[in-house]
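The values are calculated or read from the model by the stated rules, or taken from the named source; none is laboratory data. Predicted, not measured: the structure shown is a model, and the values here were computed from it. Reconstructed Cβ throughout: ideal geometry from the backbone, glycine too, with neighbour counts over all protein chains shown.
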Amino acid sequence: MFSPFVLISQPWYSKSIDIDNLNNTGWQILVEGEELILSSPNYCNANTTQTCTFLVKTDWEGNYIDHVVIDSHRVASLKNPIIKSSDSTFHVYMSPSPYEESNIHILKLDNDLEVLEEWNFGAEQENELPYYWVQHENGFLATSLAYSEEESEYTSWFTFFDKDMEVVNQAMFPEWESEYGLMMDDDLIATQDGNFVSSGRLITTSPDNETVTKYNEEMDILWHARLENQPLHINEHASLVELENGNIVANWEQINNTNPYNDSLSSMHLRMVCLDGNTGDTVWTNTMWMPRPAYPYVFKLNRANNGDIIGLGSIYRPPGPEEWLEAWDNAAFIFRMSPEGELKWKRYILDTKSPLADLGHFINSANLPNGDLLFIGSYQDTFPNHEPTINNPNIWLVRTDSMGCLIPGCGDLQIVTDSTILTNTKELIVSEKEYFMARVYPNPAIEYWTLEWGYSAQGYLQLLDLNGRLIHAQDIQNGTQQIPAKNIPPGLYFMHINSKEASGSFKVIKW
């Protein structure tokens, strides 16, 4: 009998990768043949005095194969630090470690991830912090922020390299002089037409504006767009992705000014905008309304194999049954949207193997050829010092199907335990029968519960205790059937039902 809740029977997974009990955080996934390459900035020693870079190889199933340590450098770019070249070598955007000097270093690696060559740029600029870089048709564009202690301000530094890593052009934008939002660390992409788009905050306005700017290799501004002005921003990150037609999609957070007294809606929602790639004009917008009290944080937008938009990050206090709400503050947040702005699905993923779930978040994603999605980030492993601090995060590697599901027909919320995956879209009670064509009675029960299932498609039922342990499972059909309770210990249980037509959950009590 097929069980959609048995994790080991599926190709999808939620895995923790801990290298040498050091602080591992997953930043990027590269799909290389039948392997995955994961980039991870870490501490190199137990007393956390030096940072380094781990490049970890796994198979598509997330099984560890090998790793390489670059102890002289720390990977610098949160978005896409590793770029694969046409000759099958890799270029990595890095900072030296220890931080004797803070500037751009680029390392060239062979196919075995061994260092072939190293370049050092920007040593003449004091306090330079590398942020993002991208590959374009003529070479690479690297961005960094240089801080002047004397003037107490930042300057954005754009450096263009050719394919041989020779500097061909540089441009600087002092923080308080630019009319464009080019000086903050939001996002940077290269476009299909050989140009670039970056996003940031324009801090010379009050309140700050989230902005999107397109420019060419000579730093000529081609267009500039300011996103809707808001007096408050949650993560101050407008991530970017280019669609197949050349248009640009960005995200930011929006305060709920529509009805701030609506207790069912969060005070903060996710806004999406599509800008014309040639003019910067708005093509469409979409507001992703969040139920209270779920606040969205989006760290990255990527493009799926079919052109859809994949968003990822974390969500503050996702909705769920009351018994679970006390267990975490954050969960990972993923969603899929069509190029026309239609939301296809959004999911919240929580892995309870982490004792500090509010660290759980995704930073990047990748697509497998069959359409499956890979997500990487981190969550807490242990509290070695018994303090509420980030002591030992692990690389968090998750593979879902194209619908963002760890099990077929998943709901919005997916909770991964040691042995099962619990899913929930919304807690259902008997009084909601008019919306969900199922009911359970008697409740409480002594010998059995009777389930009335009003859908034609066969469903699958699981009874789980409060710790997520599977107590009973069975197929269900249209009509009335009995669920045994006689040999089950008294207590509160969750009855989960999944089918092609509907999914839902009941709280049931055994006397």
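Within the stretch 123-146, not a single residue is at pLDDT below 75 and among the β-branched types (Val, Ile, Thr).
Of the residues making up the stretch 179-189, not a single one is of a type in the set (Phe, Trp, Tyr) and at pLDDT 80 or above. Residues that are in contact with a Cys (Cβ under 8 Å, 6 or more places away or on another chain) and at pLDDT 95 or above are absent from the stretch 231-242 altogether. Taking the stretch 251-279 as the range and being modelled with pLDDT of 95 or more and under 30 Å from ILE29 (Cα atoms) as the test, the residues that pass are CYS274, LEU275, ASP276, GLY277.
Hey, among the residues in the stretch 61-81 that are out of contact with any Leu (no Cβ under 6 Å at 6 or more places or on another chain) and of a type in the set (A, V, I, L, M, F, W, C), which one's modelled with the lowest pLDDT? Among those residues, the one meeting the criterion is LEU78.
Checked against (1) more than 26 Å from PHE158 (Cα to Cα); (2) surrounded by fewer than 21 Cβ atoms within 10 Å (Cβ to Cβ), VAL56 passes all but condition (2).
Give the stretch 272-308 a look and list any residue that's aliphatic (A, V, I, L, M) and part of a strand (DSSP E or B), or say none. Within the stretch 272-308, MET272, VAL273, LEU275, VAL283, MET288, VAL298, LEU301 qualify.
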